[in-house]
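Colleague: Got a structure for you, questions after.
The values are calculated or read from the model by the stated rules, or taken from the named source; none is laboratory data. All values reported here derive from a predicted model rather than from experimental measurement. Positions of Cβ are backbone-derived with ideal geometry, glycine not excepted, and every protein chain shown enters the neighbour counts.
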Amino acid sequence: MVRRLRGEEGFQLIELLIALTILAIGIMAIVAGFSSGMIALANASHASTAATVADKQMEAYRRVAYSSFVPPITQTTTPTGPDGRMYWMRVDVAWNCPIVGATLDTLPSPPTCSTVGGVASRPVKLVTITVRDGSASAKVLVSESSTFDQATG
């Protein structure tokens with residue numbers, strides 16, 4: 001019995017090292033999960049704030065009369081969001097035909113849309129807002145579009 005115990009000397013140390021290695025790998029996996037979660041949360045926060053900035057600008061267009069802004073318009077600004085970060089925002093306003101297949105004739109003022117399948121339509125103003133993370137070459141965080149019709153004022 002004594003011989004047998006002497007033959008197993010050091011095995012407890014090896015078992016302890018194996019257990020600590022497995023524990024260290026598990027802790028590193030948990031830390032990596034938390035790190036990627038924090039990065040995803042920060043990205044979602046930036047996208048959410050960019051959507052708020054874009055919505056605020058779109059609501060500004062919805063508050064004004066249809067005749068107060070005449071396409072084509074391209075505006076670039078760098079507003080500061082509620083989170084204190086600077087965002088790059090581009091607003092494009094253009095004429096558009098709401099019926100698929102209709103072509104826009106820009107010679108008359110206001111322009112006209114061609115008739116498709118016996119259905120005539122009047123042109124609408126298409127407002128597109130693109131918000132990027134800080135500069136014109138940065139990642140697009142949000143892009144939203146809305147059409148404005150003369151009938152809605």
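Colleague: Within the stretch 98-134, can you find the residues that are more than 30 Å from ASP83 (Cβ to Cβ) and β-branched (Val, Ile, Thr)?
Modeller: First, pick out the residues of the stretch 98-134 that are more than 30 Å from ASP83 (Cβ to Cβ): 98-125.
Of everything in the stretch 98-134, those that are more than 30 Å from ASP83 (Cβ to Cβ) and β-branched (Val, Ile, Thr) turn out to be ILE99, VAL100, THR103, THR106, THR112, THR115, VAL116, VAL119, VAL124.
Listed here are the residues, each with its yes/no results for (1) more than 30 Å from ALA151 (Cβ to Cβ); (2) charged (D, E, K, R); (3) without any contact (Cβ under 8 Å) to a residue 40 or more places away in the chain; (4) in contact with a Pro (Cβ under 6 Å, 6 or more places away or on another chain).
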| site | (1), (2), (3), (4) |
| --- | --- |
| LEU23 | yes, no, yes, no |
| ILE30 | yes, no, yes, no |
| SER45 | yes, no, yes, no |
| SER48 | yes, no, yes, no |
| THR52 | no, no, yes, no |
| ARG63 | no, yes, yes, no |
| PHE69 | no, no, no, no |
| TRP88 | yes, no, no, no |
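Colleague: Say we look at the stretch 71-86 and pick out the residues that are of a type outside the set (S, T, N, Q) and in contact (Cβ under 8 Å) with a residue 24 or more places away in the chain; which of these is nearest to ALA138 (Cα to Cα)? So that I can check it myself, show each step before the final result.
Modeller: Kept after step one, since they are of a type outside the set (S, T, N, Q), are these residues of the stretch 71-86: 71-73, 79, 81-86.
Next, only the ones that are in contact (Cβ under 8 Å) with a residue 24 or more places away in the chain stay: 71, 79, 81-83, 85-86.
Details: PRO71: 26, PRO79: 15, GLY81: 16, PRO82: 19, ASP83: 18, ARG85: 14, MET86: 12 Å.
That would be MET86.
Colleague: With the condition kept exactly as written, say whether any residue in the stretch 86-100 is farther than 23 Å from SER45 by Cβ and in contact with a Gly (Cβ under 8 Å, 6 or more places away or on another chain).
Modeller: no
Colleague: If TRP88 meets every condition in (1) in contact with a helix residue (DSSP H, G or I) (Cβ under 9 Å, 6 or more places away or on another chain); (2) among the hydrophobic types (A, V, I, L, M, F, W, C); (3) at pLDDT 95 or above apart from one, which number is that one?
Modeller: Condition (1) is where TRP88 drops out.
Colleague: Also, quick follow-up: Name every residue in the stretch 50-69 that is closer than 26 Å to ARG85 by Cα, over 12 Å from the mean Cα position of the chain (by Cα) and among the hydroxyl-bearing types (Ser, Thr, Tyr), in order of residue number.
Modeller: TYR61
Colleague: May I ask you to list the residues in the stretch 71-99 that are under 27 Å from the mean Cα position of the chain (by Cα) and among the β-branched types (Val, Ile, Thr)?
Modeller: Let us first name the residues in the stretch 71-99 that are under 27 Å from the mean Cα position of the chain (by Cα), namely 71-98.
Those that are under 27 Å from the mean Cα position of the chain (by Cα) and among the β-branched types (Val, Ile, Thr): ILE73, THR74, THR76, THR77, THR78, THR80, VAL91, VAL93.
Colleague: Would you please list the contacts, defined by Cβ atoms under 8 Å and residues six or more apart or on different chains, that run from a residue in the stretch 92-107 that is in contact (Cβ under 8 Å) with a residue 40 or more places away in the chain and closer than 9 Å to PRO123 by Cβ to a residue that is assigned to a loop (DSSP other than H, G, I, E, B) and of a type in the set (Gly, Ala, Ser)?
Modeller: So the pair list comes out as PRO98/SER121.
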